[in-house]
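Right, one structure below, let's go through it.
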Amino acid sequence: MMKGARGRALDTRSRASQLGARQPDRARQAAAQMAPLARSAQLTAQQGVYSARAWAAPRLERMGQALQDEVAPRMNVMLSATARRIDPARPPRRRWPVVAAGMLVIAGGSAAAAAMLNRRNLGSVTPLNRSEDPGRSSAAPRDMAAAESKAGDVNGHGHSS
């Protein structure tokens, strides 16, 4: 019996190897038969996708326009109202820095005006113990400069040259 089982196993193995040797040929034949069918399916799918896109594009465009014209303004109003409602109250502004700056500007302007008036009035003031005639003009600036150079310093000491 062994011989019979072994013989059948060898017979099955040889058939399998024969069939296996023919498989690449059968695969090539199947591929050759399926290639035109696959190409046809690809073209059909491409046409279907193109048709669907051509059908959907104008409808999407109209829907976008409708949303922009009808829904968007309402959404804008609603969002703006909500933003105003939830916006916290602004804290009161401090006005004292502005007032202080204004006071400084006024004080500076007043000081500058006083200094200008003081300079202008210094030239017209005459000494009280003046012995000259009121009709005569005061000494010339050259005479005053010469008198100052002969006079001493504030503390009474003269200059040494």
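Kindly write out, for region 92-109 in residue order, the coupling ³J(HN,Hα) from the Karplus curve 6.51 cos²θ - 1.76 cosθ + 1.60 (θ = phi - 60°), rounded to whole Hz, with x marking Gly and Pro.
Result, rounded to whole Hz: x, 6, 7, 9, 5, x, 5, 5, 4, 5, x, 5, 5, 5, 5, 5, x, x.
If you filter region 49-98 for trypsin sites (Lys or Arg not before Pro), then keep DSSP loop positions with at most 14 other Cβ within 10 Å, what is left? Intermediate values should be presented prior to the final figure.
Working: sites: Arg53, Arg59, Arg62, Arg74, Arg84, Arg85, Arg93, Arg94, Arg95; in loops: Arg93, Arg94, Arg95.
Passing sites in region 49-98 are Arg93, Arg94, Arg95.
Under Stokes-Einstein, with the Kirkwood radius over Cα pairs standing in for Rh, what whole-number D in µm²/s applies to region 13-85 at 10 °C and 1.306 mPa s?
Values: Rh = 18.1 Å.
Result for D is 88 µm²/s.
Taking the Cα-to-Cβ direction at Ala52 and at Ala38 and moving 7 Å from each Cα, how far apart do the two end points lie in nm?
2.2 nm
Can you compute the FRET efficiency between Ile86 and Ile106 using 1/(1 + (r/R0)^6), with r the Cβ-Cβ distance and R0 = 41 Å? Round to the nearest 0.05. Each step should come with its number before you reach the end.
Numbers: r = 43 Å, r/R0 = 1.05.
Plugging the Cβ-Cβ distance into 1/(1 + (r/R0)^6) gives 0.45.
Given a Förster distance of 41 Å, report the FRET efficiency between Val99 and Glu70 from their Cβ-Cβ distance, rounded to the nearest 0.05.
Details: r = 52 Å, r/R0 = 1.28.
According to the calculation, E is roughly 0.20.
Values in this text are rule-based calculations from the coordinates and carry no lab data. Just so it is clear, the model here is predicted, and its values are computed rather than measured. Counting neighbours? That spans all protein chains shown, and the Cβs are built from the backbone with ideal geometry, glycine included.
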